[in-house]
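Undergrad: Supplied in structure tokens, the structure appears directly below.
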Amino acid sequence: MKPKRMASLDKPVEELCAEALDILAEAKALYKPVKTFVLLSGGNDSTTLTYLVRPLVDAAVHIRTGIGIPQTSTFVRETCAALDLPLIELVTPPAVYRRIVLGPNSPGFPGPAQHFITYHLLKAERLQNLQRDYASRGQRLLLVSGVRSQESERRMLSVGSSEHEAPRGRLGKCAWANPIVHWTSFDMNTYREAYRVPRSLVADLLHRSGECLCGAFAKPQELDEIALWYPDTATYIRGLEAEARAAGKFYATWGHRSGKQGRPPGPLCSDCQYRMEIEP
């Protein structure tokens with residue numbers, strides 16, 4: 001599909017695309033991956049990224065965390081079908097999140113202090129399985145992420161200080177490329193309009209992809225918003241709250257935000273961290 005002629009505030013859309021694809025091509029040349037996968041959460045940024053890098057990736061990877069909105073995964077499947085792009089769905093059983101909240105040694109719902117282990121159980125272990133299943137010993141996968149530096153001064157100053165926010169880097173047995181790390185929201189909208197990228201209804205309604213609702217960086221009132229549009233999901237979370245209260249858990253409320261964050265969020269959770277920074 002040819003784009004309409006549009007200009008960003010700083011660069012035309014063609015130049016933005018060329019620079020982003022150069023980052024990905026350089027990462028492929030440097031790391032020589034056996035496979036290159038784009039991480040597709042189902043949010044508008046990752047969908048835009050997927051349209052951009054479609055010619056340079058082997059498949060999309062979507063993690064079903066077991067505590068997400070089902071319509072997000074449906075949108076991911078529709079997006080991949082429209083692009084004729086193979087889709088790998090990595091599934092975390094819902095029982096994993098239940099154990100995080102209700103396990104015998106658990107204080108209850110995770111907050112910022114428990115985010116790292118929650119991220120590991122819901123997402124990082126799935127990426128480890130991906131490496132095991134698609135790369136032999138000595139081989140490496142390249143994971144293409146939609147991480148952006150965002151537009152807060154705090155995040156802009158930290159760009160490059162984290163391996164997840166650099167244009168490319170290594171993490172364990174996988175390599176990472178972040179082709180749109182320096183794109184602004186205006187750049188994203190410019191590309192979406194130029195290439196007619198479909199928008200996720202979940203993301204437009206909730207301002208997040210919805211693939212993970214662990215609640216570590218959420219606020220309690222966000223559950224009311226979820227209930228307005230996706231009542232089944234909200235009912236499930238409120239059921240867990242009732243179970244947590246009955247079990248005497250200290251953190252029996254989803255989105256309590258108690259505790260100080262220790263280790264930084266993983267590369268698949270940067271949007272949640274950013275929202276916490278700008279919505280204290």
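Undergrad: Quick one: what pairs do we get from segment 92-119, first residue farther than 17 Å from ALA252 by Cα, second open to solvent by 70 Å² or more (accessible area, probe 1.4 Å) and not in a helix (DSSP H, G or I), C-beta under 7 Å, 6+ apart or different chains?
TA: Within 7 Å, the pairs are THR92/ARG64; PHE116/ARG263.
Undergrad: Could you go through segment 246-261 and let me know if any residue there is at pLDDT 95 or above, assigned to a helix (DSSP H, G or I), open to solvent by 40 Å² or more (accessible area, probe 1.4 Å) and not acidic (Asp, Glu).
TA: Yes, there is a match, as at least one residue in segment 246-261 is at pLDDT 95 or above, assigned to a helix (DSSP H, G or I), open to solvent by 40 Å² or more (accessible area, probe 1.4 Å) and not acidic (Asp, Glu).
Undergrad: Condition first: closer than 20 Å to THR50 by Cα, in contact with a Gly (Cβ under 6 Å, 6 or more places away or on another chain) and surrounded by fewer than 22 Cβ atoms within 10 Å (Cβ to Cβ). Now tell me which residues in segment 68-120 satisfy that.
TA: none
Undergrad: Test of understanding: among LEU171, LEU206, LEU201, LEU223, which residue is touching a helix residue (DSSP H, G or I) at 6+ places or on another chain (Cβ under 8 Å) and either of a type in the set (Phe, Trp, Tyr) or modelled with pLDDT under 90 (or both)?
TA: Values: LEU206 fails: either of a type in the set (Phe, Trp, Tyr) or modelled with pLDDT under 90 (or both); LEU201 fails: either of a type in the set (Phe, Trp, Tyr) or modelled with pLDDT under 90 (or both); LEU223 fails: either of a type in the set (Phe, Trp, Tyr) or modelled with pLDDT under 90 (or both).
Criteria check complete, one pass: LEU171.
Undergrad: Would you check if SER136 is at pLDDT 95 or above and of a type outside the set (Val, Ile, Thr)?
TA: Working: at pLDDT 95 or above: no; of a type outside the set (Val, Ile, Thr): yes.
Here the answer is no, as SER136 does not meet what is asked.
Undergrad: Test THR74 against the stated conditions and say whether it is closer than 22 Å to TYR191 by Cβ and either touching a residue at least 40 places away in the same chain (Cβ under 8 Å) or β-branched (Val, Ile, Thr) (or both). It would help to see each step written out before you state the result.
TA: Values: closer than 22 Å to TYR191 by Cβ: no; either touching a residue at least 40 places away in the same chain (Cβ under 8 Å) or β-branched (Val, Ile, Thr) (or both): yes.
The answer is no for THR74.
Undergrad: Right, another one. Looking for whichever is hydroxyl-bearing (Ser, Thr, Tyr), crowded, with 19+ Cβ neighbours inside 10 Å and free of Cβ contacts under 8 Å to residues at least 40 places away in the same chain here; the options are THR65, THR36, THR50. Which one fits?
TA: Numbers: THR65 fails: free of Cβ contacts under 8 Å to residues at least 40 places away in the same chain; THR36 fails: free of Cβ contacts under 8 Å to residues at least 40 places away in the same chain.
Of THR65, THR36, THR50, the one residue that is hydroxyl-bearing (Ser, Thr, Tyr), crowded, with 19+ Cβ neighbours inside 10 Å and free of Cβ contacts under 8 Å to residues at least 40 places away in the same chain is THR50.
Undergrad: Among the residues of segment 212-232, write down those that are closer than 19 Å to SER73 by Cβ and either open to solvent by 60 Å² or more (accessible area, probe 1.4 Å) or in contact with a Leu (Cβ under 7 Å, 6 or more places away or on another chain) (or both).
TA: The answer is CYS212, CYS214, ILE226, TRP229, PRO231, ASP232.
Undergrad: Could you figure out which of (1) of a type in the set (Gly, Ala, Ser); (2) modelled with pLDDT under 95; (3) closer than 18 Å to SER41 by Cβ isn't true of GLY68?
TA: In the conditions (1) of a type in the set (Gly, Ala, Ser); (2) modelled with pLDDT under 95; (3) closer than 18 Å to SER41 by Cβ, GLY68 misses (2) alone.
The values are calculated or read from the model by the stated rules, or taken from the named source; none is laboratory data. The structure displayed is predicted, hence computed values, not measured ones. Cβ coordinates were reconstructed from backbone atoms using ideal geometry, including for glycine residues, and neighbour counts include every protein chain displayed. Areas reflect the complete protein model, heavy atoms only, side chains present, ligands, DNA and RNA absent. Shrake-Rupley method; radii C 1.70, N 1.55, O 1.52, S 1.80 Å.
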